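All of the numbers you see were taken from the coordinates with simple rules; none came from a lab. What you see is a predicted model; the values in this text were computed from it and never measured. Positions of Cβ are generated from backbone atoms using ideal geometry, with glycine treated the same way; all protein chains shown enter the neighbour counts.
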Amino acid sequence: MIDIHSHILPDVDDGPKSWEVAFEMCRLSAEDGVEHIVATPHANDRYPYDREYLNGARAHLQTLVGDSPKVGLGCDFHLSYDNFEDVLVRPTRYTIEGTKYLLVELSNYSVPPQIGDHLVRLADTGLVPILTHPERNPILQKSPKRVLEWVEKGLVVQVTAAAFTGAWGDSIRRGALWLLEHDAVHVLASDAHDTQHRVPGLSAARDAVAKVCGVDVALALVDGNPRAVVNGQPLPYFPKPVMKG
């Protein structure tokens, strides 16, 4: 399995506060069957994003954990005005492993109508936006069909693994299942931040998804698709979203 969204670098955002905790997060991931983790520090008004420094931190963490899991670098990219303007000029500063794939996080307080146009504009530059955890966004929870409309235009959707296990509560679980049943989930990722509350691991969610959609789809969400992401390749599993229901 491959985890493309994890806050495993210490003391750079709201993730782990020590190398010891970062190491333990990697150990837990490997124990769960994750062979490749993408470190995705926040890039927002609170946490500045210094790619050079972060890549050095990634390399140090790799030295600590050894060969497994492999640690890559991406970004939890907040779609603000300043970030949007910068990514158009310097896309590989933020993308996963320097590919065309970009994790995009929307605000919990405002998702204006023109957001769809911004996502399309990113795609027009050659980037592939991956919308992170829409099932947890209070605005999109009330209007999930907006997500389906974006998927029709090529947007990739990443759902939090623990949403399917109920760790985020029943309403978020229902939202995740709604997206899954409408063929609008392409990647599961941990969005891990620590070893206590927002923990690493994908296998429990993979198994939960397999009970709903079958083993093949579950494997696509934790292996086939995220493997394509880190390698900069087209997603092998990208069904047309079900617009009804």
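Taking amide H as placed 1.01 Å from N in the peptide plane, the amide H of Leu73 sits under 5 Å from that of Ala39, Glu97, each at least 5 places away or on another chain. Hey, quick one: spin label on Arg146, modelled 7 Å out along Cα-Cβ, who in the range 175-196 has an amide N within reach, i.e. under 17 Å? Within reach of a label on Arg146: 175-176, 179.
Put in order of Cβ neighbour count within 10 Å, fewest first, the listed residues Lys17, Lys244, Lys70 become Lys244, Lys17, Lys70. Taking the Cβ of Gly175 as the center, what net charge do the other residues with Cβ under 14 Å away carry, scoring Lys and Arg +1 and Asp and Glu -1? Net of charged neighbours comes to +3. Annotation: extensible slack from Asp45 through Asp170 equals 42.0 nm (criterion: 0.36 nm per residue apart, minus Cα-Cα distance).
Among the trypsin sites (Lys or Arg not before Pro) in the range 128-223, those located in a DSSP loop and surrounded by at most 15 other Cβ atoms within 10 Å of their own Cβ are Lys153. Any number yet on Rg/Rh for the chain, C-alpha, Kirkwood? Result for the chain is an Rg/Rh of 0.93.
Residues Val104, Val21, Val89, arranged from fewest to most other Cβ atoms within 10 angstrom of their Cβ, appear as Val89, Val21, Val104.
Under Stokes-Einstein, with the Kirkwood radius over Cα pairs as Rh, the value for the range 1-44 at 25 °C and 0.890 mPa s is 233 µm²/s. Across the range 17-144, Cα-Cα pairs more than 24 Å apart make up 36 percent of the total.
Under a Cβ-Cβ cut-off of 13 Å, what is the net charge of the residues other than Val217 that fall near it, where Lys and Arg count +1 and Asp and Glu count -1? Around Val217, the surrounding residues sum to -3. Among the GluC sites (Glu not before Pro) within the range 103-154, not one is in coil by DSSP while having at most 12 neighbouring Cβ atoms inside 10 Å. So how far, in whole Å, is the C-alpha centre of the range 170-197 from the one of the range 1-68? Answer, in whole Å: 20. Find, to one decimal place in angstroms, the Kirkwood hydrodynamic radius of the range 1-78, where the mean of 1/r is taken over every pair of different Cα atoms and then inverted. Computed over Cα pairs of the range 1-78, the Kirkwood hydrodynamic radius comes out at 12.2 Å. Prolate is the label for the range 101-200. Its Cα gyration tensor axes, ordered a ≥ b ≥ c, give a/c of at least 1.5 and a/b above b/c.
Over the chain, what is the relative contact order in percent, taking alpha-carbon pairs closer than 8 angstrom and at least six residues apart?
Normalised by residue count, the contact order of the chain is 20 percent.
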